[in-house]
Amino acid sequence: MEIKSDNPEHGFQFPGEFEITAMGPAGSGLEDTIPSLLEAADLQVLRETVSTRESSGGKFVSVRLTFLAESREQYEVAHAVLRNHPEVKWTL
């Protein structure tokens, strides 16, 4: 599924694939936790897209992945689920 629009002013188009990034302390297991949280919220995670990156100082890790959202509500649920996790400090 690919997001396409003939008008760039349309914004997000649903259903679609969306990328999300969550950041938190390194060594906290977020690499496994983030995809599992989204799947527990009935969102389809494209597991092959999961990637991680440590901060330059090694204190934090970012986890980036793509998920499918059928509606704006599902998109917002994804962000809310991650923001509510105590180890997640930021989402993009």
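Of note:
- Meets criteria (modelled with pLDDT of 95 or more and either outside any helix (DSSP H, G or I) or surrounded by fewer than 18 Cβ atoms within 10 Å (Cβ to Cβ) (or both)) for Val88: yes
- Number of positions in region 43-85 that are out of contact with any strand residue (DSSP E or B) (no Cβ under 6 Å at 6 or more places or on another chain), of a type outside the set (Asp, Glu) and not in a helix (DSSP H, G or I): 9
- Within region 47-65, tally of residues that are surrounded by 14 or more Cβ atoms within 10 Å (Cβ to Cβ) and either in contact with a Phe, Trp or Tyr (Cβ under 8 Å, 6 or more places away or on another chain) or in contact (Cβ under 8 Å) with a residue 40 or more places away in the chain (or both): 4
- On inspection, Glu39 qualifies as within 18 Å of Phe18 (Cβ to Cβ), surrounded by fewer than 15 Cβ atoms within 10 Å (Cβ to Cβ), modelled with pLDDT of 95 or more and touching a strand residue (DSSP E or B) at 6+ places or on another chain (Cβ under 7 Å).
- Within region 12-36, considering residues that are small (Gly, Ala, Ser) and part of a strand (DSSP E or B), the one surrounded by the most Cβ atoms within 10 Å (Cβ to Cβ): Ala22
- In region 11-26, the residues that are without any contact (Cβ under 8 Å) to a residue 60 or more places away in the chain reach residues that are of a type in the set (D, E, K, R) and part of a strand (DSSP E or B) with C-beta atoms within less than 9 angstrom, at least six apart or across chains, in these pairs: Glu19/Arg64; Ala26/Glu54.
- Close contacts from region 71-92, counting a first residue that is touching a residue at least 24 places away in the same chain (Cβ under 8 Å) and a second that is basic (Lys, Arg), with Cβ to Cβ under 8 Å and a gap of 6+ residues or different chains, come to Thr91/Arg83.
The values are calculated or read from the model by the stated rules, or taken from the named source; none is laboratory data. Because the structure is a prediction, the values reported are computed rather than measured. Positions of Cβ are generated from backbone atoms using ideal geometry, with glycine treated the same way; all protein chains shown enter the neighbour counts.
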